[in-house]
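Report on one structure; see the data block that follows.
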Amino acid sequence: MTDSAEISSLNGDAAIAPERPLKRRRWPWMILVVSLGLIALAGWNAMIWYPVSGALKDEDSVSVVAYRRWLISPTAIVIDVRNVNGSASMADMDRNFFKAAEALKDRQVDTVVLAYRGKAKWLFAGQAFQTIGRERSFQNPVFVMRTMQQDVKTLDGSGAFPALSGGWLGVLGEELDQHKRFHEGWWLNDALGTSAGAAM
């Protein structure tokens, strides 16, 4: 009788014990969401990268890429110098910069970050960048090269180079000096393996 009661008791406990709910695996859904987010982010940046890449496809002296600032900004872009060969000159970089501006002339750009290998060096006024792009087909590139430093800002947003005044010969000399310091601070000093601090 005791054995029978014990068996009955065990069977009863087994019958009323609640079943454990099966845990749903959430990680496949998380991977899917993250993957879709990365695809959307890539497409968002391709709208900047692709036209610039096409405009610079024949350039072999420097390697420049363009993308959105922080990869998400709608109106701030980065012009990033990734590689420079030994024969590259300031004129080569100017040409790349002007071509990039022309490729993005119809995009809304408030700020352009000029970077070297991912590190921000200067800021450039977005409106001036778009003007360079829209006028590239007819504007004298030497004039643009001489005057564009007035639209360059340091990373805190202050003007990088003072406004110039005086006789045209003296102003021309100062403009050329500013242009050289602009390139030194952006990519030239780093490409040569020297400190860019003096240009900043």
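The values are calculated or read from the model by the stated rules, or taken from the named source; none is laboratory data. Everything numeric here is computed off the predicted structure, so don't read it as measured data. Backbone-built Cβ (ideal geometry, glycine too); neighbour counts: all protein chains shown.
Here are a few things to note about the model shown:
- Q130 vs. criteria without any contact (Cβ under 8 Å) to a residue 24 or more places away in the chain, at negative phi and either in contact with a Cys (Cβ under 8 Å, 6 or more places away or on another chain) or surrounded by 13 or more Cβ atoms within 10 Å (Cβ to Cβ) (or both): no
- Test: residue in the range 27-37 that is modelled with pLDDT of 80 or more, among the aromatic types (F, W, Y) and either part of a helix (DSSP H, G or I) or at positive phi (or both): no
- The range 68-125, residues that are small (G, A, S), out of contact with any helix residue (DSSP H, G or I) (no Cβ under 7 Å at 6 or more places or on another chain) and within 26 Å of L192 (Cβ to Cβ): G86, S87, A88, S89, A91, A115, G118, A120
- Lone qualifier among V113, V84 - being closer than 25 Å to T147 by Cα and at pLDDT 95 or above: V113
- Close pairs (9 angstrom Cβ cut-off, 6 or more residues apart or separate chains): closer than 9 Å to D94 by Cβ in the range 141-152, outside any helix (DSSP H, G or I) and charged (D, E, K, R) anywhere: V144/R136
- Those strands (runs of 3 or more DSSP E) lying entirely in the range 45-117 with at least 2 residues of a type in the set (S, T, N, Q), free of Cβ contacts under 8 Å to residues at least 12 places away in the same chain and crowded, with 16+ Cβ neighbours inside 10 Å: none
- Failed item in (1) of a type outside the set (D, E); (2) within 27 Å of I72 (Cβ to Cβ); (3) at pLDDT below 95, with A163 passing the rest: (2)
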